[in-house]
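Step one of this worksheet: look at the structure below.
The values are calculated or read from the model by the stated rules, or taken from the named source; none is laboratory data. Only a predicted model underlies this, so the values are computations on that prediction, with no experimental measurement involved. When we count neighbours, we look across all protein chains shown, and the Cβ atoms used for this are built from the backbone with ideal geometry, even at glycine.
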Amino acid sequence: MLGQIAAVTLMNLRSLPQRLGASSVVVIGMASVVAVVVAVLSVSTGFLETVSRSGSPERAIVLSSGANFTGDSNLTRENVATILGAPGIRRGADGKPLASADYYNAVPLTKKGDGLTGWVTVQGAGPEIFALTPEIRLVTGRPFKPGLHELIVGSLLQSQYPGLEIGDKVPLPSGDWTVVGVFESNGDSHESALLGDAETLMSAYRSNMFNDVTVRLDSAAAFDRFKAALTTNPTLQVDVMRENRYAAKQAKPLDDFLTMVACWVGGIMAIGAVFGALNTMYAAVGARSREIATLRAIGFGAGSVVVSVLAEALLLALLGAGAGAGLAWLFFNGEVTVSDGTVYALAVTPALLALGVGCGLAMGLIGGLFPAIRAARLPVAAALRAT
Amino acid sequence: MRYFPLVWAGVWRKPARTVFTLLSIVVAFVLFGILQGVDASVAQTLATSRLDRLFVDPRFGDTLPIADLRQIETVPGVTLVAGRSGLFGYWRNPKNRVFVIMSDERFFAARPELNITGDQLATLRRTPDGIVVGDAIAGRYGWKPGDRIPVTTTETNRDGGAIWTFDVVAIIRDVGNPGQTGYVIGNYDYFDRGRTENQGTVTRFLVRIRDPAQAARISSRIDQLFANSDAPTRTQPEKVSAQSDLNSTFNIGAFTRSVVGAAFFSLLFVTANTMAQSVRERTPELAVLKSIGYSDDGLLALVLSESVLICLAGAMLGLGLARAIMPLAEPQFGPGFAQMPPLVVVDGLGAAVIVALASGLLPAWRARRLVIVDALAGK
């Protein structure tokens, strides 16, 4: 049985070059679907990677209750003091809690590529920020000094906006602030921001409310203790989240949107590609009907005929899907873009490539199955007589 | 028309193949219809956004003092300034989002594309809690003139509640405003008197200028006026603002063009393959036609007509289907995205003909060049 299958399949595949034109329909159809799906998902994958990289399970973020993101949240100085006194926060060598009460705002800047306006996050952080987030490393220049109008700039942000070199001025409400340093942060979303001192920034914006408090936990397990202490404190109305969960939540809307786009557009294109494949495979079966009938007449089973047709469809689909995924990787992987104020690189990951190839094989299976069944059911005598 | 039965017979020679080809074309045009519809809505936003209209927005924070209006009016080249604030909320159900623009008659002067009549404007001015509603949102929520509309907001009013009730005084024809919830416009004075926070402020000034070429100069002039004030401004032409907004998440135009390009590229192969197969199979028949007197060009036209017929039929079915599917996207994108301007239909049918000709030309050429004797002999 296996021998039969192998023999028929090989014979079939050897005759493929004769049907090159028709077969290219399957390959190109699959390639375009897979390329589009992988390209769209590379956007959300890249965004998700960048945003979720900025979250650590060993850090927790505290927002005023009901706030969905830092911009929605308001914490008073008393709130901040209460939060910093909670148990479960790791302390530095000097005994101070490793935590930062942050203030966020946004400034409109003009992008390099298209000259359009983008809103850039300005983060005001506490003095412990570098101990709290060790991934933030200064690559050139020096850190900002509290009390002075100074900022450091994320290197990803710097690559997308002009006028953010060391010594350049950024206009903020209280006048120009000077860029004094450039930092890297493993390419996470911090790198899309300007970073300065919280108190100085708040006085510039005439605000006396912080937006969030980020703390480093004693250990990942200390989260529950920390959270319980804050949520049961009657003087506070706050939500406490692990930082990685908060980051994932921020990425969700864009991720959901792009996944929906990929499903709809990819789904519609896939239907078209399957019709193309059906057409080709029916034609292939039609062209080979005498050959198939002959095989059946000399004793080959229906099963081996089905497998041979399916193998052809799957092989063509695999070629197409591979080409599509490869093209998407070639053109989109690593491409740097900006969405909703976050600078990130599109990512065509191995998982995404596998997904693309999987989609291609599924389409090939559907496109090959019905023609394969038709081939197996060919009335042998009639097919032999046909000219 | 005389030859139509012949074309028809050719098309249906192998029904299964024709149906699959037709379906491939339908699918490609469903995609084309939806994506071009979205693209056209975006293009329309940009087209209706004018170069002679500037937006003055707060550079930092959310509000600007309404008193800035007088100062902006003094800038040479400015013909009109309208201040507007906004009230976000929902009607009955959080899904029914409503954004009420709070302004005065100057807003309509700044946006002449909002076709409001003098009578309607007079009624709005007479009715402090009146609103004028765009027909898209009025149709969706079933609002009629005379209706009282309670809008639940986060803005506390004098009564201590956050529900603002408005009186629909007129329905106006909405201009394309995709992605937005549709125009609802009320009286600024009434709103400002009624609210308890941010009184005397607006969220944006709309500025009309005499000469679009002066836009950059006037923009920076306005920003200079307030550079050292408590509320510095950021002024830009409406078009630049609209482009920035549209591209803030991702570049819709580039995306739709690439997808439609990919879909049509593969479609070209599907139809070309179908036509090539069909002509190859019918070689003897075509030879017979030639021998009974059909001209070479006649056969060329015959084969091309077949591919045009299939492609046009597929395109029409596909565009129709896209039109039917598009309203499903409304909850995701908001009203205005689900539209198909006639131009998209024209473009689609044009694209169908191009695909048909491009894919049919080679097989048709082969049919034209058939040598009768060889073809009949099966060579």
Mind checking which helices (runs of 4 or more DSSP H) fall wholly inside the stretch B:96-158 and carry at least 2 residues that are polar (S, T, N, Q)? B:118-126
Just checking, how many residues over the stretch B:174-187 are at pLDDT 85 or above and in a loop (DSSP other than H, G, I, E, B)? 1
Could you check the stretch B:132-154 and list, in sequence order, the residues that are more than 17 Å from B:Leu121 (Cβ to Cβ) and among the acidic types (Asp, Glu)? B:Asp147
From the option list A:Gly29, A:Gly21, single residue qualifying as modelled with pLDDT under 85 and at the interface with chain B (Cβ under 10 Å from one of its Cβ atoms) is A:Gly21
Complete set of residues in the stretch B:9-22 that are touching a residue at least 60 places away in the same chain (Cβ under 8 Å) and farther than 9 Å from A:Asn279 by Cβ: B:Gly10, B:Val11, B:Arg13, B:Lys14, B:Thr18, B:Leu22
Considering only the stretch B:21-75, state which residues are more than 10 Å from every other protein chain (Cβ to nearest Cβ), under 30 Å from B:Ala263 (Cα atoms) and in contact with a Phe, Trp or Tyr (Cβ under 7 Å, 6 or more places away or on another chain). B:Val38, B:Ser41
Name the one entry in B:Arg17, B:Arg13 that is part of a loop (DSSP other than H, G, I, E, B), out of contact with any Pro (no Cβ under 7 Å at 6 or more places or on another chain) and on the phi < 0 side of the Ramachandran plot. B:Arg13
Breaking point among (1) part of a helix (DSSP H, G or I); (2) more than 30 Å from B:Ile325 (Cα to Cα); (3) more than 9 Å from chain B (Cβ to nearest Cβ); (4) not hydroxyl-bearing (Ser, Thr, Tyr), for A:Gly299: (1)
Which numbered condition B:Arg2 misses (of (1) under 23 Å from B:Ser305 (Cβ atoms); (2) in a helix (DSSP H, G or I); (3) without any contact (Cβ under 8 Å) to a residue 60 or more places away in the chain): (2)
Somewhere in the stretch B:257-273, is a residue part of a helix (DSSP H, G or I), over 30 Å from B:Val373 (Cβ atoms) and charged (D, E, K, R)? yes
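Taking A:Val213 as the residue in question, decide whether it is away from every other protein chain (no Cβ under 14 Å) and either of a type outside the set (Phe, Trp, Tyr) or not in a helix (DSSP H, G or I) (or both).
Working: away from every other protein chain (no Cβ under 14 Å): yes; either of a type outside the set (Phe, Trp, Tyr) or not in a helix (DSSP H, G or I) (or both): yes.
It is true that A:Val213 is away from every other protein chain (no Cβ under 14 Å) and either of a type outside the set (Phe, Trp, Tyr) or not in a helix (DSSP H, G or I) (or both).
Any idea which of A:Ile271, A:Ile292 is touching a residue at least 40 places away in the same chain (Cβ under 8 Å) and either in contact with a helix residue (DSSP H, G or I) (Cβ under 9 Å, 6 or more places away or on another chain) or not in a helix (DSSP H, G or I) (or both)? Reasoning before the result, please.
Working: A:Ile271 fails: touching a residue at least 40 places away in the same chain (Cβ under 8 Å).
It is A:Ile292.
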Right, A:Ala328: modelled with pLDDT of 90 or more and either assigned to a strand (DSSP E or B) or surrounded by fewer than 16 Cβ atoms within 10 Å (Cβ to Cβ) (or both) or not? no
Given (1) in contact (Cβ under 8 Å) with a residue 60 or more places away in the chain; (2) over 22 Å from B:Leu206 (Cβ atoms); (3) facing another protein chain (nearest Cβ under 9 Å), number of the condition B:Arg234 does not satisfy: (2)
Restricting the stretch A:75-109 to residues that are modelled with pLDDT under 90 and touching a Ser or Thr at 6+ places or on another chain (Cβ under 6 Å), which is farthest from the other protein chains (Cβ to nearest Cβ)? A:Ala106
Name the single residue, out of those in the stretch A:32-52 being in contact with a Gly (Cβ under 8 Å, 6 or more places away or on another chain) and more than 9 Å from chain B (Cβ to nearest Cβ), that is surrounded by the fewest Cβ atoms within 10 Å (Cβ to Cβ). A:Thr50
Selection count, the stretch A:156-204, where residues are more than 14 Å from chain B (Cβ to nearest Cβ), touching a helix residue (DSSP H, G or I) at 6+ places or on another chain (Cβ under 8 Å) and either buried (at least 20 other Cβ atoms within 10 Å of the Cβ) or touching a residue at least 24 places away in the same chain (Cβ under 8 Å) (or both): 14
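Among the candidates B:Leu69, B:Leu54, B:Leu31, B:Leu46, which residue alone is crowded, with 18+ Cβ neighbours inside 10 Å and in a helix (DSSP H, G or I)?
Working: B:Leu69 fails: crowded, with 18+ Cβ neighbours inside 10 Å; B:Leu54 fails: in a helix (DSSP H, G or I); B:Leu46 fails: crowded, with 18+ Cβ neighbours inside 10 Å.
On inspection, the qualifying residue turns out to be B:Leu31.
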Subset of the stretch A:274-289 that is of a type in the set (Gly, Ala, Ser) and facing another protein chain (nearest Cβ under 7 Å) - its residue that is farthest from A:Gly360 (Cα to Cα): A:Ala283
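Find the helices (runs of 4 or more DSSP H) located wholly in the stretch B:325-376 whose residues include 1 or more that are at pLDDT 75 or above, and list them. Before the answer, list the steps.
Values: elements: B:330-333, B:342-368, B:372-376.
So the answer is B:342-368, B:372-376.
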Out of (1) of a type in the set (Val, Ile, Thr); (2) touching a strand residue (DSSP E or B) at 6+ places or on another chain (Cβ under 9 Å); (3) at pLDDT 90 or above; (4) under 30 Å from A:Ala262 (Cβ atoms), the odd one out for A:Thr45 is which? (2)
Would you check if A:Gly55 is within 14 Å of another protein chain (Cβ to nearest Cβ) and crowded, with 21+ Cβ neighbours inside 10 Å? no
Boolean, B:Asn187 is surrounded by fewer than 18 Cβ atoms within 10 Å (Cβ to Cβ), in contact (Cβ under 8 Å) with a residue 24 or more places away in the chain and polar (S, T, N, Q): no
